[in-house]
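All of the numbers you see were taken from the coordinates with simple rules; none came from a lab. Small disclaimer: the values here were computed from a predicted structure and weren't measured. Neighbour counts are summed over all protein chains in view; Cβ atoms, including those assigned to glycine, are modelled from backbone coordinates with ideal geometry.
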Amino acid sequence: QPEREVLTWELYGQGVRELAQAVADSGFVPDVVLGIARGGLIPAGSLAYAIDCKNLFTISVEFYTGVDSRLDVPVMLPPFLNAQDLDSAAVLVVDDVADTGKTLELVADFCAGHVREMRTAVLYEKPHSVIACDYAWRRTSRWINFPWSTEPPVTSRSGVLDA
Ligand code: 5GP
């Protein structure tokens with residue numbers, strides 16, 4: 001079992017500010033932040049605040065079903081975003097990590113032909129990603145434990161069914 005890359009909530013707070021700073025320093029001012037659910041939603045919301053962008057969209061893509069186990073191809077899930085809603089916008093697409101990069105590639109293809117400009121931001125980029133992200137906070141080839149998905153979902157402690 002290879003060692004994991006562990007992102008704590010505290011380090012996340014620092015990392016997402018540094019990522020936002022890189023976007024600001026580049027001079028890119030997006031009209032829309034588009035977060036890829038679910039992993040990209042927390043970074044997308046944080047970045048939208050940090051760069052002061054009030055238009056926050058989401059798109060749902062499913063690929064991974066567990067640690068290193070995935071579907072053949074990433075698939076978009078409903079409710080579907082209308083690509084026309086992005087017409088002529090400068091869009092910052094945000095995800096937690098570009099691993100194979102295929103999720104970001106799917107979203108990039110979806111946006112193509114509609115947006116004025118599209119850039120991609122991730123906390124982590126892995127070396128074999130098919131997409132070279134415009135902004136990446138860190139690079140690793142290890143499996144990453146994100147603070148929002150490391151612990152199992154909470155379950156009811158009451159032990160009785162609600163009426
Ligand atoms: P990709 O399409 O780039 O292979 O991966 C897309 C999604 O898979 C990511 O947004 C993330 O939700 C999940 N994923 C890929 N690699 C990792 C990883 O190292 N750790 C975790 N927790 N999720 C990952």
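Within the stretch 67-131, report the chymotrypsin sites (Phe, Trp or Tyr not before Pro) that DSSP leaves as loop and that have at most 16 other Cβ atoms within 10 Å.
Sparse-neighbourhood loop chymotrypsin sites (Phe, Trp or Tyr not before Pro): PHE80.
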TODO: Treating only the Cβ atoms of Lys and Arg (+1) and Asp and Glu (-1) as charged, compute the dipole magnitude of the chain about its Cα centre; round to the nearest 20 debye.
DONE: 220 debye
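Counting only DSSP beta bridges with both residues in the stretch 29-122, tell me the antiparallel percent, nearest 5.
Of those bridges, close to 25 percent are antiparallel.
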- [ ] Would you list the P(r) distribution for the stretch 122-163, with all Cα-Cα distances sorted into 5 Å bins from 0 and each bin expressed as a whole %?
- [x] 5, 16, 20, 14, 10, 8, 6, 6, 8, 7, 1
Open item on the list: Using DSSP to call loops (not H, G, I, E or B), can you name the trypsin sites (Lys or Arg not before Pro) in the stretch 12-78 whose Cβ has at most 11 other Cβ atoms within 10 angstrom?
Closed with: LYS54
Task: Fully extended contour minus Cα-Cα distance, from TRP9 to THR65, at 0.36 nm per residue - done: 17.9 nm
Task: Rg over Rh, two decimals, the stretch 83-124 (C-alpha only, Kirkwood Rh) - done: 0.98
- [ ] Using only C-alpha positions, report the orientation-averaged shadow area of the convex hull of the stretch 1-104, nm², one decimal.
- [x] 7.7 nm²
- [ ] Binning at 10 Å from 0, report for the stretch 94-163 what percent of all alpha-carbon pair distances ends up in each bin.
- [x] 18, 37, 20, 12, 11, 1
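Can you check what the net charge comes to around ARG139, using other residues whose Cβ is under 13 Å from the Cβ of ARG139 (Lys, Arg +1; Asp, Glu -1)? Mind dumping the intermediate values first?
Working: positive: LYS126, ARG138, ARG142; negative: GLU5, ASP99, GLU125.
Once positives and negatives cancel, what remains is 0.
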Task: Amide proton proximity set for HIS114, modelled H, under 5 Å, gap of 5+ - done: none
Open item on the list: With the crude spin-label approximation of a point 7 Å out along Cα→Cβ, what separation in nm comes out for ALA50 versus LEU77?
Closed with: 2.5 nm
- [ ] Please report the base-10 log of the normalised intensity I(q)/I(0) for the stretch 37-163, using a Debye sum with one equal scatterer per alpha carbon and no solvent, at each q in 0.14, 0.15, 0.20 (1/Å).
- [x] -0.66, -0.75, -1.24
Open item on the list: Rounded to the nearest 5, what % of DSSP beta bridges with both residues in the chain are antiparallel?
Closed with: 20 percent
